[in-house]
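Values in this text are rule-based calculations from the coordinates and carry no lab data. In this text, all values refer to a predicted model and were calculated from it rather than measured experimentally. Cβ placement follows ideal geometry from the backbone for every residue including glycine, while neighbour counts extend to all protein chains displayed.
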Amino acid sequence: MSLLTVGSVAFDAIETPFGKTDKIIGGAATYISLASSYFIKEGKLVAVVGGDFPKSDIKLLEDHGINTEGLQIKENEKSFFWSGKYHNDMNSRDTLVTELNVLENFDPILPDSYQGVDFLMLGNLAPTVQRTVIERLEKRPKLIVLDTMNFWMDIMLDELLQTLKLVDVLSINDEEARQLSGEYSLVKAAKKIMGMGPKTLIIKKGEHGALLFQNDNVFFAPALPLEEVFDPTGAGDSFAGGFIGYLAKTNDISFNNMKKAIIYGSAMASFTVEKFGTERLVNLDEDDLEIRFQRFIDLVQLEAKI
């Protein structure tokens, strides 16, 4: 099955209690595409970078089987750049620099070869851009997953609500779910949000795992306890990549299969946080992934008699 990912390919500069980096490759679409590449043979990418983006980083994506025909290169402009500093608890951070650059006027152009994709992953972007992608696809994908954040809820809520009517799955964190719904209870929040359009909702809770809602069904996946978390940047996007990558690989969007996809997504996120940026994510093998998946299964497996 084919997968199209739309989002940012960018530069990050990160500081955590474990150290700091200069500019490194980042962006939602980067993490999503790399994570999903362990499940599908060819992912298709739509994004935009400036002339300052290294060809070696583009090759890194291509080496993972990612089709970059839809990656626009604006030679005379600069790539999107974000810099942040994490606090000691690694759950909160300060944004130091945000430079939209090429992303400010991003027009997502879909190559003809991208038409007819089976799965669509819309990474965190302006909801108007996300909706444009959906409208430019001649055939509706089997599944459309959208990620967003509180920033868009603050400044483009009406546009976001229009876009939500067009998607199948929404992926947000617990704070964003409460803001979008106006409900503190995540169960009540989920019901309200699913009434906005998405029939399935993922609520990410960071180090406390993730919740999957669909109709009256609820599934909880834990986060893997790790001795050290070096860099949480991109963990949510890696989660999304693992989730939709597994669904695309199996071509099964049932609730039961989504439960497995949530575990694979959590596994990809757990790899990402072990190193800075994409360092850990680009050097996995199949055994790594299956061993990590089994660790998640062992974490929640229980045999009990009443």
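Just a few scattered comments:
- By other beta-carbon atoms within 10 Å, ranking Asp231, Asp107, Asp12 with the fewest at the front produces Asp107, Asp12, Asp231.
- The 3J(HN,Hα) values that the Karplus relation (6.51, -1.76, 1.60; θ = phi - 60°) gives for the stretch 118-126 are, in residue order, 8, 10, 10, 10, 9, x, 4, 8, 4 Hz. Gly and Pro appear as x.
- For the set Lys20/Lys204; Lys20/Lys59; Lys23/Lys259; Lys44/Lys192; Lys55/Lys204, the pairs lying more than 30 angstrom apart at their alpha carbons are Lys23/Lys259; Lys44/Lys192; Lys55/Lys204.
- Residue-span extension gain [Leu226 to Leu60] - 0.36 nm each, minus C-alpha spacing: 57.0 nm
- Net charge of Cβ neighbours under 12 Å - reference Leu247; Lys, Arg +1; Asp, Glu -1: +1
- For Leu224, Leu103, order by how many other beta-carbon atoms lie within 10 Å, fewest first: Leu224, Leu103
- Each residue in Thr233, Thr21, Thr98 was given a count of other beta-carbon atoms within 10 angstrom of its own, and listing them fewest first yields Thr98, Thr21, Thr233.
- When the P(r) of the chain is calculated, the portion above 34 Å amounts to 14% of the C-alpha pairs.
- What you get for the stretch 1-130, charging only the Cβ of Lys and Arg (+1) and of Asp and Glu (-1), is a dipole of about 200 debye around the Cα centre.
- Each peptide in 197-205, 25-33 was scored by the mean count of other Cβ atoms within 10 Å over its residues; highest first, the order is 25-33, 197-205.
- Residues with amide H under 5 Å from that of Ser2, placed H, sequence gap 5 or more: Asp118, Phe119
- Averaging the Cα positions of each part gives two centres, and for the stretch 61-90 and the stretch 173-247 these lie 24 Å apart.
- Leading residue at positive end of dipole, the stretch 160-266 (Cβ point charges), from Val229, Ile262, Gly182: Gly182
- Of the peptides 292-299, 90-97, the ranking by mean beta-carbon count within 10 Å, highest at the top, reads 292-299, 90-97.
- Added length on full extension, which subtracts the Cα-Cα distance from 0.36 nm per residue, His208 to Glu274: 22.1 nm
- Taking the convex hull of the alpha carbon positions in the stretch 229-306 and averaging its projected area over all directions gives 6.2 nm².
- Length released on extending from Glu183 to Ile155, taking residue separation times 0.36 nm less the Cα-Cα span: 8.1 nm
- Cα-based values for the stretch 15-112, radius of gyration first and Dmax second, are 14.9, 47 Å.
- In the frame of its principal axes, the stretch 197-268 has Cα extents of 35, 25, 20 Å, reported largest first.
- Near Ile24: Cβ cut-off under 14 Å, other residues only, Lys/Arg at +1 and Asp/Glu at -1. The net charge is -3.
- Unit charges on C-beta of K, R, D, E only; dipole of the chain, Debye: 920
- Across the stretch 3-300, Cα pairs under 8 Å and at least six residues apart give a relative contact order of 17 percent.
- Built amide H within the under 5 Å cut-off of Val48, gap 5+: Val9, Gln72
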